[in-house]
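Asks: The following block contains the structure, expressed as structure tokens.
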């Protein structure tokens with residue numbers, strides 16, 4: 001692809017030569033014919049290279065998505081192996097109460113995963129499911145009210161999802177690294193009183209508060225989701241979007 005781009009620019013620039021000849025010798029019809037043919041060939045080549053560039057971008061995006069899916073599946077497989085080992089250990093030690101408790105935790109986690117899968121915006125679902133492959137310094141604890149589907153709400157679900165992703169990334173890039181466990185970002189999604197409410201609550205201090213505010217304000221520009229409070233607070237932030245009738 002890097003070899004095609006310079007030749008595309010060269011083909012476009014080469015039109016100058018026959019164009020100049022036509023201007024200098026306007027009475028020479030054969031020069032005009034050469035210019036038309038030259039322009040046609042250059043245009044065809046330009047269109048071909050643009051199509052190749054588009055195909056290359058599609059292939060690259062597809063490969064990126066496949067890699068994300070593979071990493072996500074590997075993480076889920078690793079989690080399930082850990083869960084099975086813990087359950088097997090409790091069973092071997094005849095700790096029935098601990099086994100039941102751990103299985104209940106798995107059930108609650110699976111219920112949350114199911115709610116995430118039903119959010120209705122593929123980009124948001126993929127981002128959430130693959131988030132653990134992006135960073136080890138921040139984990140997200142989701143609390144989704146019922147079976148919320150952003151695509152079914154009378155609001156721009158894609159724009160809301162984009163804002164949520166960008167706000168999460170603002171925390172991800174600015175959270176203060178800890179010496180022990182990863183920081184936890186609690187996110188609540190709720191539909192209430194004809195409003196979509198999204199609450200962010202982080203248990204760790206933000207390392208670059210000004211940068212965090214800048215990123216959050218940028219995420220809110222033109223978004224249906226806006227601050228429910230008057231100002232940004234790194235520890236607690238609530239966004240709301242008014243739903244139509």
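The values are calculated or read from the model by the stated rules, or taken from the named source; none is laboratory data. Small disclaimer: the values here were computed from a predicted structure and weren't measured. A quick note on method: Cβ atoms are made from the backbone with ideal geometry, for glycine too, and the neighbour counts reach across all protein chains shown.
Asks: Scan the stretch 151-190 residue by residue and report those that are in a strand (DSSP E or B) and within 15 Å of residue 238 (Cα to Cα).
Replies: Hits for the stretch 151-190 are 185, 186, 187, 188, 189, 190.
Asks: Evaluate the following for residue 199: is it modelled with pLDDT of 90 or more, within 25 Å of residue 215 (Cα to Cα), surrounded by 15 or more Cβ atoms within 10 Å (Cβ to Cβ) and out of contact with any helix residue (DSSP H, G or I) (no Cβ under 7 Å at 6 or more places or on another chain)?
Replies: Numbers: modelled with pLDDT of 90 or more: yes; within 25 Å of residue 215 (Cα to Cα): yes; surrounded by 15 or more Cβ atoms within 10 Å (Cβ to Cβ): yes; out of contact with any helix residue (DSSP H, G or I) (no Cβ under 7 Å at 6 or more places or on another chain): yes.
Yes; evaluated as a whole, the condition is true for this residue.
Asks: A further question on this structure: Does residue 174 qualify as being touching a residue at least 60 places away in the same chain (Cβ under 8 Å) and over 24 Å from residue 67 (Cβ atoms)?
Replies: no
Asks: Among the residues of the stretch 194-228, what is the count of those that are touching a residue at least 24 places away in the same chain (Cβ under 8 Å) and either part of a loop (DSSP other than H, G, I, E, B) or more than 21 Å from residue 175 (Cβ to Cβ) (or both)?
Replies: Here the count works out to 13.
Asks: So, one more: So which of 83, 64, 79 ends up being outside the structural domain of residue 154 (by TED's automatic domain parsing) and within 16 Å of the chain's Cα centre (by Cα)?
Replies: Criteria check complete, one pass: 64.
Asks: Identify, from the list 44, 36, the residue that is over 30 Å from residue 127 (Cα atoms), modelled with pLDDT of 75 or more and either within 36 Å of the chain's Cα centre (by Cα) or in the same structural domain as residue 130 (by TED's automatic domain parsing) (or both).
Replies: None of the others qualify; the one that does is 44.
Asks: Sticking with this structure for a sec: So for the stretch 123-139 (the condition being part of a strand (DSSP E or B), surrounded by fewer than 20 Cβ atoms within 10 Å (Cβ to Cβ), in contact with a helix residue (DSSP H, G or I) (Cβ under 8 Å, 6 or more places away or on another chain) and assigned by TED's automatic domain parsing to the domain that holds residue 221), does at least one residue qualify?
Replies: Among the residues of the stretch 123-139, at least one is part of a strand (DSSP E or B), surrounded by fewer than 20 Cβ atoms within 10 Å (Cβ to Cβ), in contact with a helix residue (DSSP H, G or I) (Cβ under 8 Å, 6 or more places away or on another chain) and assigned by TED's automatic domain parsing to the domain that holds residue 221, which makes the answer yes.
Asks: State whether the residues of the stretch 166-188 include one that is more than 30 Å from residue 210 (Cβ to Cβ), within 18 Å of the chain's Cα centre (by Cα) and crowded, with 16+ Cβ neighbours inside 10 Å.
Replies: no
Asks: Let me ask something else. Please give the number of the condition residue 94 fails out of (1) closer than 29 Å to residue 165 by Cβ; (2) over 22 Å from the mean Cα position of the chain (by Cα); (3) not in a helix (DSSP H, G or I).
Replies: The single condition residue 94 does not satisfy is (1).
Asks: May I ask you to verify whether residue 228 is in the same structural domain as residue 141 (by TED's automatic domain parsing), modelled with pLDDT under 90, surrounded by fewer than 18 Cβ atoms within 10 Å (Cβ to Cβ) and over 28 Å from residue 151 (Cα atoms)?
Replies: no
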